[in-house]
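The values are calculated or read from the model by the stated rules, or taken from the named source; none is laboratory data. Because the structure is a prediction, the values reported are computed rather than measured. Glycine gets a Cβ as well: all are built from the backbone with ideal geometry, and neighbour counts include every protein chain shown. What goes into the accessible areas is simple: the full protein's heavy atoms, side chains included, and nothing from ligands, DNA or RNA. Shrake-Rupley method; radii C 1.70, N 1.55, O 1.52, S 1.80 Å.
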Amino acid sequence: MNRSTRTVRRRWSTKQRFAPASAPAHAHEFLFTMVRLAAVGAAIVGLAGCATVAQLVRVQPPRFVAAEGRASELRLFGPSLDRPLGGAAIRIWSRVENPNPFGLTLTSLAGDVLLEDARAATIELPLGLPLQAGQDTVIPIEVSIDFSDLPELAGAAVRFVRTGAVPYRLEGGFAVDAGPFGQPRFGPMTLMSGSLDVRR
């Protein structure tokens, strides 16, 4: 081995021996950067996880059915100063069922009541009705009618009295508050239908 070869190897060995002296500073900066990136990544994943909860859990709409053992009715009123053509009051007993495995609140209900397929009244009810998981409860849905607003119903009232019953349909939509699972709205749809007992 000649002298020039030994010189090159010596110089290379010297560089190897002194290079690690600056490594701790670079390593500290690298680790600090990685910690910051990990913290930001964890925050992003956390936010994504929170958004995914409402997306993954689909809230099923509560169901409205005619309450058994409760007669829904149409009560007719004669002419008065306030109602020259008379009027009527409708009371529909509904059983509301929550099919979800978690509780929610039925916050509002809006729609139309149809008698013999003709719109008779508009309803808009703030409810605030809490429903536990799998629970059902019975509520009255009430609305009044002024025949001055719907004169065609004044003529139909005679027929209602004669038959003693009139078919109805409740169409509309509603909103619920399911907490972390969102505040969805459902409808429009046919919520329920049946027959009203006519009373005077």
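Between A110, A66, the distinction of being touching a Gly at 6+ places or on another chain (Cβ under 6 Å) and within 16 Å of G187 (Cβ to Cβ) belongs to A110 only. Looking at the range 141-148, is at least one residue touching a Ser or Thr at 6+ places or on another chain (Cβ under 9 Å), in a strand (DSSP E or B) and not β-branched (V, I, T)? Among the residues of the range 141-148, not one is touching a Ser or Thr at 6+ places or on another chain (Cβ under 9 Å), in a strand (DSSP E or B) and not β-branched (V, I, T), which makes the answer no. Checked against the criterion of being over 22 Å from L74 (Cα atoms) and modelled with pLDDT of 95 or more, the candidates L191, L170, L109, L104 yield just one match: L104. Residue under question is P62, and the condition is that it be more than 22 Å from R162 (Cβ to Cβ), modelled with pLDDT of 90 or more and surrounded by fewer than 16 Cβ atoms within 10 Å (Cβ to Cβ); does it hold? It is false that P62 is more than 22 Å from R162 (Cβ to Cβ), modelled with pLDDT of 90 or more and surrounded by fewer than 16 Cβ atoms within 10 Å (Cβ to Cβ). Counting the residues of the range 161-177 that are under 37 Å from the mean Cα position of the chain (by Cα) and closer than 19 Å to R119 by Cα gives 10. Selection over the range 162-183 of residues that are part of a strand (DSSP E or B) and either under 25 Å from P126 (Cα atoms) or in contact (Cβ under 8 Å) with a residue 40 or more places away in the chain (or both) gives a count of 12. None of D136, D117, D149 is open to solvent by 50 Å² or more (accessible area, probe 1.4 Å), over 19 Å from S193 (Cβ atoms) and not aromatic (F, W, Y) except D149. Within the range 120-133, the set of residues being more than 26 Å from L196 (Cα to Cα) and out of contact with any Ser or Thr (no Cβ under 8 Å at 6 or more places or on another chain) comprises Q132, A133. With respect to the stated conditions, R119 fails to be of a type in the set (K, R) and touching a residue at least 60 places away in the same chain (Cβ under 8 Å). When residues in the range 77-89 are screened for being open to solvent by less than 20 Å² (accessible area, probe 1.4 Å) and either in contact with an Asp or Glu (Cβ under 7 Å, 6 or more places away or on another chain) or outside any loop (DSSP other than H, G, I, E, B) (or both), 2 of them pass. Of all residues in the range 123-133, those satisfying the criterion of being touching a Gly at 6+ places or on another chain (Cβ under 8 Å) and either among the hydrophobic types (A, V, I, L, M, F, W, C) or open to solvent by less than 50 Å² (accessible area, probe 1.4 Å) (or both) are I123, L131, A133.
How many of the residues making up the range 90-114 are assigned to a strand (DSSP E or B) and open to solvent by less than 30 Å² (accessible area, probe 1.4 Å)? Selection size over the range 90-114: 10.
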